[in-house]
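Have a look at the structure below, then the notes.
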Amino acid sequence: MREILASLTAAILLLAAPTASTSAPYFRVLAPAEESFMGAEDVLIIGKVEGFVEAKMVEISDNGKTLGFAPLQKETFTFKTRLSEGRHEVVLAAPGVERKTIRIFIGKQTGYRYHIDIDPGACDSCHDQAASKVFAVGPMQQKTCAQCHDPMATREFVHGPVAAGSCTPCHDAHGSKYGKFLVATGKELCLSCHSQNLSRKHIEERQNAECVKCHDPHSSAKNYHLR
Ligand code: HEC
Ligand code: HEC
Ligand code: HEC
Ligand code: HEC
Ligand code: HEC
């Protein structure tokens, strides 16, 4: 059962990973999340171009007006700006790359929060940039996170992804519109890995229950990761 689940997870992770196909380069926005509600604060856009690209600059425009240009380094760019209250259509453009639009709402209704200090100089706390600017994270993310947090694997039964050293299947390292910087809410999070397995009956029975009320998502002293 564990083996099936583990290989299933591997398959899911493989499917979720952007494939290095022959398709045209495209923008991937790491922060903020699309359709984000944000307070009147500075906005830091972190983006990446997937696939080989000749472009050196990304043009960032807001509601049709150019805000500025951000240099692309190792396919990555950051752009910090302050947006006025209201609805914003931020368009990212670079030669040879499919344009990308992200919608941001600035106002009293907040939702998205940055996890990180949005000073572009603060990326180093997780990305060792001394050697290069590729924004790589070592395979054991846990170590990265453990600089500031409990490593979450101290009890006897360690949950699969945590045991593998990874935190980002569930947490967005840059920011999120959900509590605890989660990538999804409630059972959706668990079902991203546990939908097709033998536990289906159990999960169906608990459809509307909060999974983490009974299960600890990190590690537990009890079997089945029970609290
Ligand atoms: C709290 C730790 C942390 C901080 C601070 C942080 N990142 Fe990250 N970043 C990560 C993790 C972890 C990943 C890997 C995410 C994954 O595997 O899904 C990542 C992934 C990335 C990637 C994608 C790399 C790839 O090839 O897929 C880029 C680009 C990036 N970060 C840019 C930045 C920039 C720019 C900053 C500073 C403004 C920053 N990050 C600050 C933790 C952090
Ligand atoms: C440089 C220090 C630092 C690193 C490294 C770091 N964090 Fe954080 N983290 C913080 C701070 C500070 C907060 C509180 C910020 C807030 O709530 O706005 C926080 C909050 C959180 C929270 C919410 C905690 C709560 O009780 O609400 C989660 C979850 C989290 N971080 C996960 C991670 C993960 C996963 C990683 C690794 C990818 C990571 N952090 C790396 C500093 C860090
Ligand atoms: C399987 C999904 C999953 C993985 C993997 C995961 N977390 Fe969490 N994490 C959660 C959930 C869900 C919560 C909220 C728990 C709650 O609401 O009781 C949470 C909460 C947290 C908190 C807030 C404090 C707390 O205990 O509630 C921190 C800090 C945190 N996680 C850090 C990490 C770190 C570091 C890693 C990697 C070692 C990690 N998480 C891996 C799902 C996960
Ligand atoms: C990234 C994929 C992933 C996510 C997301 C995930 N799990 Fe898991 N889970 C696994 C893997 C892999 C195993 C098998 C290894 C193990 O037993 O720890 C597992 C095992 C379990 C087990 C123990 C099964 C057994 O037979 O002992 C429980 C209970 C569980 N997960 C609950 C949850 C809950 C609750 C959530 C949502 C908070 C969740 N999982 C989210 C990958 C995931
Ligand atoms: C009321 C408490 C409770 C809630 C809520 C709950 N579980 Fe469980 N879960 C258990 C118990 C107890 C077990 C131990 C085996 C059993 O009794 O079925 C278990 C076992 C599991 C297992 C491993 C056993 C198997 O059938 O393979 C997984 C995976 C799991 N739960 C996931 C989830 C997910 C995902 C959710 C949210 C949809 C959830 N659980 C909600 C109590 C709960």
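Brief remarks follow.
- Once both labels are positioned 7 Å from their Cα atoms along Cα-to-Cβ, the gap between K74 and D128 label points is 1.2 nm.
- If the chain linking E89 and C148 were pulled fully straight, counting 0.36 nm for each residue of separation and taking away their Cα-Cα distance, it would gain 17.8 nm.
- Burial ranking of peptide ranges 112-121, 71-80 (average Cβ count within 10 Å, highest at the top): 71-80, 112-121
- Approximating the spin labels as points 7 Å out from Cα along Cα→Cβ, the T101-to-R200 distance works out to 3.9 nm.
- Spacing of the two label points (7 Å from each Cα toward its C-beta) at R155 and Y26, in nm: 4.0 nm
- Within straight-line reach of K143, meaning a Cα separation under 13 Å, sit the following aspartates and glutamates at least 8 residues removed in sequence or on another chain: D128.
No lab work stands behind these numbers, since they all come straight from the coordinates. Please read these numbers as outputs of a predicted model, since none were measured by experiment. Virtual Cβ from ideal backbone geometry, glycine too; neighbours counted across all protein chains shown.
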